[in-house]
Amino acid sequence: RSYIPHPKSAIFIEDYPNVEDLANHLKYLVKNKTAYLEYHQWRSTKVWSEGFERKVYMSLRNLGCNICKEVARLRIIEGKI
């Protein structure tokens, strides 16, 4: 859960006592556009969970830059710069 961008960006099976309750919630979302769109609001904001921020930061797309940043940070901490 700490790696999702926002608490309402995913539906977890274990949050429902049984499959019927989960199915009822999904049916509700299909019929209620406002409730459905709440699960997508995180896409237009930049307020994400700390775990998701870390995951994005260390993603393969940014890996090269992040390695350089980390090396520079460690050099500063060690007083080598």
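With θ taken as phi - 60° and the Karplus curve 6.51 cos²θ - 1.76 cosθ + 1.60 applied, the whole-hertz 3J(HN,Hα) list for segment 33-49 is 4, 4, 5, 4, 5, 4, 6, 10, 4, 4, 5, 9, 10, 10, 9, 10, 5 Hz, x standing for glycine and proline. Taking trypsin sites (Lys or Arg not before Pro) across segment 1-48, the ones in a DSSP loop with at most 13 further Cβ atoms lying within 10 angstrom of their Cβ are R1, K8, K46.
Between the residues Y36, P7, I77, the greatest Cα displacement towards the positive end of the dipole of the chain, with unit charges on the Cβ of Lys, Arg, Asp and Glu, is found for I77.
For the chain, averaging the sequence separation of C-alpha pairs within contact (under 8 Å, six or more residues apart) and dividing by the residue count gives a relative contact order of 39 percent. For K8, the lysines whose Cα falls under 18 Å of its own Cα, not counting residues fewer than eight places away in the same chain, are K27, K31, K33, K46, K55.
The modelled label-to-label distance for the pair N18/E53, using points 7 Å beyond Cα in the direction of Cβ, is 4.2 nm. With the simple model of a label 7 Å out from the Cα in the direction of the Cβ, I77 to V30 spans 5.1 nm. The residues of segment 1-42 have, on average, 79 Å² of accessible surface per residue, using a 1.4 Å probe with all protein chains present. Extension gain, S9-K69: 0.36 nm per intervening residue step, less the Cα-Cα distance, totals 18.6 nm.
The values are calculated or read from the model by the stated rules, or taken from the named source; none is laboratory data. Quick caveat, the model's predicted, so the values are computed rather than measured. Cβ sites come from the backbone with ideal geometry, for glycine too, and all protein chains shown count toward neighbours. SASA here: full protein model, heavy atoms, side chains in, ligands and nucleic acids out. Shrake-Rupley method; radii C 1.70, N 1.55, O 1.52, S 1.80 Å.
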